[in-house]
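Structure first, commentary second.
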Amino acid sequence: MIREIDLPVDHSALSVLEDWFTALFADAGWSSPGRVRTRIELATHEICVNVVDHSGLTRCDRLHVRGAVDDHGVTVHVSDGGAVPDRTRMAVEPVPGVPQEGGYGLMIVRKLVDDFEHTREGTVNTWRLHVHRPPAGGGR
Amino acid sequence: MTPTSLSVTRPAPGLAVVEVAGRFDAPAALELRRAIDTFAVGGVDTAVVDLTEATFVDSAGLAAVVHAHRVCESVGGTAVVCEPRSADARRVFELTMLDRVLRMVTVRGAGDAA
């Protein structure tokens, strides 16, 4: 099952992802995704926040979200036509437990998903996130 | 879509209580930061950030809570965070280990198990 949505590059537009994920899992017949849903939803939200904050795009631009659910889990691709991400910044994470006023987004993403990668093709960034489907009766 | 509400009250001199319910994401975080930035000039040294009814907390919300912590500490006070009832909303504090450095308390309501 695949579902796609285009969103304005704007913080206020991202809350629609809540209902979008509800529909994605419902379409796939996954009635109680539990933690899998909350993990992929927050991780996707954080990637979109990262695009809004750092891509150089404006609310007139769009980012594309594609979600796919199968027997292995859920995979989301977030694509944008913004600037090449600063890999130096991406590599620096806050020290866990030390309060600072930013930089938590990618740290949270890495802790929530099972696979995470960024690719750049031409002028398009694509962020791929995957959360495995837990065995029956399992989950994390 | 879960709506957000944010309210600020000043129940006593030097004390401010900010309640955030629903989604605590970038738009709400910006509102919280604006409120907090008035605290120092308003004589507030103790802030209670009540997230009991927050159902979703992202990195922007987290950063705004850290901002409250820093502003209060800078004037010799403290910020207390009422942790979200929602386990999902609490999770970002645990993932970043900020639950170990922020002063977090659990507020139990009448409907909660003892």
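The values are calculated or read from the model by the stated rules, or taken from the named source; none is laboratory data. In this text the structure is predicted, and so the values were computed from the model without any measurement. FYI the Cβ positions are ideal-geometry reconstructions off the backbone, even for glycines, and counts take in every protein chain you see.
Being touching a Leu at 6+ places or on another chain (Cβ under 7 Å) and not polar (S, T, N, Q) is a description that applies to B:VAL18.
When we screen A:GLU121, A:GLU93 for residues that are charged (D, E, K, R), farther than 20 Å from A:ASP6 by Cα and surrounded by fewer than 18 Cβ atoms within 10 Å (Cβ to Cβ), the only hit is A:GLU93. Entry remark, the stretch A:1-33: residues being within 11 Å of chain B (Cβ to nearest Cβ), exposed (fewer than 15 other Cβ atoms within 10 Å of the Cβ) and under 14 Å from the mean Cα position of the chain (by Cα) number 1 in total. Of all residues in the stretch A:89-110, those that are more than 7 Å from chain B (Cβ to nearest Cβ) and in a helix (DSSP H, G or I) have Cβ atoms under 7 Å from Cβ atoms of residues that are surrounded by fewer than 19 Cβ atoms within 10 Å (Cβ to Cβ) and of a type in the set (A, V, I, L, M), 6 or more apart or on another chain, in A:LEU106/A:MET90.
Scanning the stretch A:119-140 for residues that are within 19 Å of A:MET90 (Cα to Cα) and either modelled with pLDDT under 95 or of a type in the set (Val, Ile, Thr) (or both) yields A:THR119, A:THR123, A:VAL124, A:THR126. Consider the stretch B:46-92 and keep the residues that are of a type in the set (A, V, I, L, M, F, W, C) and out of contact with any strand residue (DSSP E or B) (no Cβ under 7 Å at 6 or more places or on another chain). The one that is farthest from the other protein chains (Cβ to nearest Cβ) is B:VAL75.
B:SER5 meets the conditions (1) over 20 Å from A:GLU18 (Cα atoms); (2) away from chain A (no Cβ under 13 Å); (3) surrounded by fewer than 17 Cβ atoms within 10 Å (Cβ to Cβ) in every case but one. The failed one is (1).
Would you check which residues across the stretch B:19-45 are more than 14 Å from every other protein chain (Cβ to nearest Cβ) and modelled with pLDDT under 95 and list them? Listed by number, the residues that qualify are B:ARG34, B:ALA35, B:THR38, B:PHE39, B:ALA40, B:VAL41, B:GLY42, B:GLY43, B:VAL44, B:ASP45. In the set B:LEU98, B:LEU102, only one residue is under 23 Å from A:GLU41 (Cβ atoms), of a type in the set (A, V, I, L, M, F, W, C) and either free of Cβ contacts under 8 Å to residues at least 24 places away in the same chain or buried (at least 16 other Cβ atoms within 10 Å of the Cβ) (or both); that residue is B:LEU98. Exactly one residue among A:VAL65, A:VAL36 is away from chain B (no Cβ under 14 Å), closer than 21 Å to A:HIS132 by Cα, surrounded by 15 or more Cβ atoms within 10 Å (Cβ to Cβ) and at pLDDT 95 or above, and that residue is A:VAL65.
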